[in-house]
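What follows draws every value from the coordinates through simple rules; no lab data is involved. No experiment lies behind these values; they were computed from the predicted model shown. Note that each Cβ is placed from the backbone with ideal geometry, even for glycine, and that neighbours are counted across all protein chains shown.
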Amino acid sequence: IAGITQAPTSQILAAGRRMTLRCTQDMRHNAMYWYRQDLGLGLRLIHYSNTAGTTGKGEVPDGYSVSRANTDDFPLTLASAVPSQTSVYFCASSPSGAADTQYFGPGTRLTVL
Amino acid sequence: GQNIDQPTEMTATEGAIVQINCTYQTSGFNGLFWYQQHAGEAPTFLSYNVLDGLEEKGRFSSFLSRSKGYSYLLLKELQMKDSASYLCAVRDGDYKLSFGAGTTVTVRA
């Protein structure tokens, strides 16, 4: 079934540890995005990529990094996790960039202790 | 930055109509989206408005007034499965998408 997959579904992580959240899409969409969703704050953009090989910073990029080596994969790395990064993380993609509708993956629930 | 406001919660009865308002202030405007998000699930696309007026899709309609910075999502003939959060999102002049905090709609029997 075409769509976006994210892994892991949930994770509990000790502060200071490094963690990579995985995102893969098989729709051949050019653009991909990472959001975090916190109660009362809505979805906030962390990083985005308009096409393979390029990335950009969103609203809340500090403490996170991304790479886009190919069209399908867009991993998000927390170099040294802190409790304030406890959140639900959603990956999204859109066909040809920011002008299109975005489609979301199922999310990763991350708890940093 | 962007400022997007929508009510936190709304409650309605099965079969009724509910209107969720969204007001926004953005630097530039390139469209407004409504997403539905059931608890513990991903947001799913509902509607898109870029021109003023009403867009209708079955039981759901969305309205936009660009001059007023205002949109609403109208849910008709409410069903229990419509209990969810509804997210208003605005695409600004740089084509970045900003989301409101969401409106949780509870449908009661």
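Between the C-alpha center of segment A:60-113 and that of segment B:33-70 there is a gap of 24 Å. The 3J(HN,Hα) values that the Karplus relation (6.51, -1.76, 1.60; θ = phi - 60°) gives for segment B:37-48 are, in residue order, 9, 6, 3, x, 10, 7, x, 10, 5, 10, 7, 9 Hz. Gly and Pro appear as x. Where a Cα-Cα gap under 22 Å defines reach, which lysines qualify for B:K96, not counting those fewer than 8 residues away within the same chain? Those lysines meeting the cut-off are A:K57, B:K68. Both the radius of gyration and Dmax for segment A:37-103 are 12.4, 35 Å, in that order, over alpha-carbon atoms.
Distant-in-sequence amide contacts of A:G58, defined by a placed amide H-H separation under 5 Å and a gap of 5 or more residues or a different chain, comprise A:H47, A:Y48. 3J(HN,Hα) along segment A:41-49, derived from phi through the Karplus expression 6.51 cos²θ - 1.76 cosθ + 1.60 where θ = phi - 60°, amounts to 10, x, 7, 10, 6, 9, 9, 9, 9 Hz, with x in place of Gly and Pro. Ranked by the mean number of other Cβ atoms within 10 Å of their residues, highest first, the peptides B:17-26, B:65-74 come out as B:17-26, B:65-74.
Built from the Cα atoms of segment B:1-57, the convex hull projects on average onto 5.5 nm², one quarter of its surface area. Summed over all non-identical Cα pairs, the Kirkwood treatment of segment B:1-101 gives a radius of 13.8 Å.
Run down the lysines and flag those whose C-alpha is under 22 Å from the C-alpha of B:K76, throwing out any fewer than 8 positions away in its chain. Within the straight-line cut-off, B:K76 pairs with B:K57.
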